[in-house]
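A short worksheet on the structure shown next.
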Amino acid sequence: MSRYNAISPVFPDSNYTGLMIRKLLASLLLTFLLPGALPALASDSPLVAVASGMQFAIREIADSFQQDTGIELRITLGASGKLFRQIENNAPFELFIAADDSLVQKLEQMQRTRAPRVIIARGRLAVFAAHGSPWQADAELRGLASALDANQVTKFAIANPAHAPYGQRAREALQSAGLWAQVKDRLVIGENVAQATQFAISGAAQGGIIAPSLLMSDKTSNRGEYALLPEAWHQPILHSMVLLQNSDETTMKFFHYLQSAKAQQILSRNGFTPVL
Amino acid sequence: MIDGKGIEVAIRLDDPVSLEVEFKVSDKELVALVGPSGGGKSTILRIIAGFEKPTAGRISVGAQQWYDSQQKLFVQPRHRRVGMVFQSYALFPHLSALENVLEAISERPKVDRVELANGYLERVNLKGLGKRRPDQMSGGQRQRVAVARALAREPDVLLLDEPFSAVDKVTRIRLQRELVDLRSDLSIPIILVTHDIEEAARLADRIAVLHEGRILQMATHDKLSKSPVNTDVARLVGIRNIFSSRVAGIDNEQRSLELQWGKSLLEMPYRNGFAIGQTVTWCIPSDGIVVHRRNRPSRGEHENPVFGIVNEIFQFGQTTELTIEVDDPDAHPLHCSVPTHVAERNEISVGADIGLSLKADMIHIMGSADS
Amino acid sequence: MDWGAFNLSLQLAFYTVLLLVPIAMLTARWLATQPARRKAIIEALLTIPLILPPTVMGFFLLVSMNDTHALGKIWRSLFDESLVFSFEGLLLASILVNIPFAVQPALRAFEGIGNDMREAAATCGMSRWRTFRRIEFPLAWSGILTGGVLTFAHTLGEFGVVLMVGGNIPGETRTISIAIYDQVQSFDNASAALMAGVLLAISVLAISITFLLTRKPYIRIRA
């Protein structure tokens, strides 16, 4: 075909090239519209906001719930503080599970909740050193202390104390151990405790103080050594949950399911201390 | 025009260029706008077409008013029936020649339009080339498409902006002839912008000499050459022999005037308005100068005889141009041209003596030099 | 492979292009013939989303789409829903963020047409609409298309603004780039890699199509 046929798209006087272009456009359109035909999650399935530290546990519970009831859940993970802000700004979550009870209390005070809150688990802090690290993780942080003195640890991961409860607790623990001043300039801050864990287990940081619950899954276990820190060193990490204003009956079902024995078992398997 | 036909333009523009012109072109008349670049020629065309708005004035074509600043009337370009051939031709590159012409033809049944368009293409000698796109055509063919498109509009005035400047000489001559041929079918005014005075001379009924936004003189080429109104016009028309001299004498019976040109006294037919002693600017075209045949003076050649030495010779094919140092330190060099065979026969060479006659009736006084 | 997120991203990109490109095209056409000074100022304004960090854009959008501010208020009064954390909010943000991508290439294309084309069209007696349809649009087509494809590809990859304005609501605002981020944080690098690969493939496909379709088969005639 002559190279001089001009582009004259979609207009009746066009020619062979125009026809070719129209065909191409049609197929592109189909490509774009096809996804509309793909199955999407029903937008009325319960939307749950969950603190990052509980991600493995909550997925197990959600799978179990789906097996038992057939109801699928939509889960959004994040730092509790961040999720709180979003809910404050009318994010359409129906159930909020935070790693900090005070945040949930605030929501109750702001009258954004539908039913009284329930504390479902207590979390712990773990100090972690990946395999091959020059220092050992121990419950009194002695290994860390000497590693810091010897400059063997230049990057240490915790969650962001500004909006992640695990980060705040980690800071408290380090302060209790008298190591905060030394470590605070060497911190690598994860946006939430999951990201902090990523940094620690991947070796991007030479260790960290993270949630032991995140070390229970196959994807993350056996990446290093860890030790639980004394609960006296920090405020309790209380995982509290509450139904929000726009929740419905389906969500309430899940809310109750979380309080069941099955759920509590899953939680304790994942490193949480059940409280119910 | 009293009969309401033709185009009348009277406009003033203050910026971006200063322009103030007033002229009329009758139906079937072709007027050329000539002048140096930047003089405003193209701007005038654009104003007539409606692409630029003057500061004040009127434009009317036939019985229609296209622009009137007093009535705050301004007709949009697309509502003016103007046929315009742009310097770049401005053909629509993605459309064929036929489609280009079709765009100018207004609402009619499709069949009729195509037939009409083909008719126009045929008229400009492009029969059978309708399907070609501009980049598949030569410069000359593109120009013809531009002309066909302009004519297809059935315009009230045809505007041509340097339509021959982009093609080679041979094509240009051919296109010029075609334009002359086309004119026989047209009964609208035609305005042609060109910087080539010779082209204007060949094609135009009248020439408007434009300089710095003003029309210096508007007349036939003949009149411009013989009686240019001032030095600028003379130069633009190609006259190189421009001098200042004192009026030396006026014949009592008022039949002739004498100019003191250096040592020579030139005689010319009487012209009113000049006094003895006045310094005037005058000119004489190249063909007003006759070269004396060597060693064989004849009677007719004694009119205003002048002698000098050949300073420069430029042979341009069949014509030879000469610059002559007239035998007088106060007189400026003369320019004239002779057929090459004459130059050879008379053994004209640099440094040789030469005698010339300045034809009295070709001497033209342009104005007073005092002021 | 999170098909929901994939689906969502494609829809977001598609609707952004659908809504933005016609507006961008008309804006570009208008802007192309404006006087130099005005054009420069407006063009600079329209380029702002390109140079602002996405988080800054996201922040401004988040604030103005909030229920307590103008946009959010209007939306809520019309639809009784929050504009933030909704697909529609993302769409609005996406349209604003992509303005430079959609407008710039089209603007250059319309400028490239040159005034003598438009003037020639006027001397043919063509109306403004006909001039646009028959002359300007076909001649500027490659620029318009480029704008559309760039918008599409850019929307697929948009992260910062989506995160700030959309949150991470599955089925509503969890786009493919958010999903990738999520999966990394869920220690699921395999899924993340797969989705990233798909995203890359689509982007490359989009750019290739643009290049194919914008080969100019004619040459501008300069006398």
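Please treat every number below as a calculation from the coordinates, not as lab data. This is a predicted model, so every value here is computed, not measured. All Cβ positions, glycine included, derive from the backbone under ideal geometry; neighbour counts span all protein chains shown.
The lysines within cross-link reach of B:Lys72, meaning a Cα-to-Cα straight distance under 21 Å and a gap of 8 or more places when in the same chain, are B:Lys53. Close amide H contacts of B:Ala56 (hydrogens built in the peptide plane, cut-off under 5 Å, sequence separation of 5 or more or a different chain): B:Arg12. Computed over the range A:126-233, the P(r) tail beyond 20 angstrom holds 26 percent of alpha carbon pairs. The angle separating the long axis of helix C:189-213 from the principal Cα axis of greatest extent in chain C is about 10 degrees.
Assuming charge only on the beta carbon of Lys and Arg (+1) and of Asp and Glu (-1), the dipole of the range A:126-233 about its Cα centre is about 200 debye to the nearest 20.
Per-residue ellipticity at 222 nm computed for the protein assembly as shown from its helices equals -13000 deg cm²/dmol, with DSSP H segments shorter than 4 residues left out and the rest contributing -39,500 (n - 2.57).
Using every pair of separate Cα atoms, the Kirkwood estimate puts the hydrodynamic radius of the range C:12-165 at 16.7 angstrom.
Which residues does a label at B:Thr319 reach in the range B:335-368, if reach means a backbone N under 16 Å from a point 7 Å past the Cα toward the Cβ? Once the point is set 7 Å along Cα→Cβ of B:Thr319, B:335-343 turn out to lie under 16 Å by backbone N, inside the range B:335-368.
Only Lys, Arg, Asp and Glu carry charge here, each on its Cβ (+1 for the first two, -1 for the last two); on that basis the range B:60-112 has a dipole of about 160 debye about its Cα centre. Angle between the Cα long axis of helix B:110-123 and the longest principal axis of chain B, 0 to 90 degrees, nearest 10? Compared with the principal axis, the helix lies near 20 degrees. Phi angles of the range C:90-97 translate, via the Karplus equation with coefficients 6.51, -1.76, 1.60 and θ = phi - 60°, into HN-Hα couplings of 4, 4, 4, 4, 4, 4, 5, 5 Hz per residue; Gly and Pro are given as x. Computed 3J(HN,Hα) for the range B:180-196, one whole-Hz value per residue from the Karplus formula 6.51 cos²θ - 1.76 cosθ + 1.60 where θ = phi - 60°, is 4, 5, 4, 4, 5, 8, 9, 10, 10, x, 10, 10, 10, 9, 8, 9, 9, glycine and proline marked x. As a calculated quantity, the FRET efficiency between C:Ala44 and A:Asp218 at R0 = 35 Å, using C-beta atoms, amounts to about 0.05. Distances between placed amide hydrogens fall under 5 Å for B:His211 paired with B:Leu216, all partners being 5 or more residues away or on another chain. For A:Lys155, the lysines whose Cα falls under 25 Å of its own Cα, not counting residues fewer than eight places away in the same chain, are A:Lys82, A:Lys184, A:Lys219. Between A:Thr197, A:Gln175, A:Pro212, the Cα set farthest toward the positive side of the dipole of the range A:126-233 (charges on each charged residue's Cβ, about the Cα centre) is that of A:Thr197.
Among the trypsin sites (Lys or Arg not before Pro) found in the range B:1-106, those both in a DSSP coil and sparsely packed, with 10 or fewer other Cβ atoms within 10 Å of their Cβ, are B:Lys72. By DSSP, the beta bridges lying fully in the protein assembly as shown are antiparallel in about 75 percent of cases. Can you compute the FRET efficiency between C:Thr55 and A:Ala115 using 1/(1 + (r/R0)^6), with r the Cβ-Cβ distance and R0 = 51 Å? Round to the nearest 0.05. Computed FRET efficiency for C:Thr55 and A:Ala115: 0.90. Considering only C:Ser77, C:Ile48, C:Asn115, the residue lying farthest towards the positive end of the dipole of chain C is C:Asn115, judged by Cα position with unit charges set on Cβ. For the range B:166-178, 3J(HN,Hα) computed residue by residue from phi via the Karplus equation (6.51, -1.76, 1.60; θ = phi - 60°) reads 9, 10, 6, 4, 4, 5, 4, 4, 5, 5, 5, 5, 5 Hz, glycine and proline entered as x.
Under the simplified labelling scheme, the B:Lys53-A:Leu228 pair shows an inter-label distance of 8.4 nm, with each label point 7 Å from Cα along Cα→Cβ.
The label point for A:Gln67 and the one for B:Val170, both projected 7 Å from the Cα toward the Cβ, are 9.2 nm apart.
Spread over its residues, the convex hull of the C-alpha atoms of the protein assembly as shown is 283 Å³ per residue.
For trypsin sites (Lys or Arg not before Pro), the sites in the range A:164-241 that DSSP calls loop and that have at most 16 other Cβ atoms within 10 Å are A:Lys219. Computed from the Cβ-Cβ distance with R0 of 41 Å, the FRET efficiency linking C:Leu212 to B:Ser106 stands at 0.60. The amide H of A:Ala159, built 1.01 Å from its N in the peptide plane, has A:Gly167, A:Gly190 as neighbours under 5 Å, considering only residues 5 or more places off or on other chains. Of the GluC sites (Glu not before Pro) found in the range B:165-266, those that fall in a DSSP loop while having at most 16 other beta-carbon atoms within 10 Å are B:Glu212, B:Glu253. The lysines within cross-link reach of B:Lys359, meaning a Cα-to-Cα straight distance under 18 Å and a gap of 8 or more places when in the same chain, are B:Lys223, B:Lys226, B:Lys263.
Across every pair of non-identical alpha carbons in the range B:122-188, the mean reciprocal distance, once inverted, gives a Kirkwood radius of 12.5 Å.
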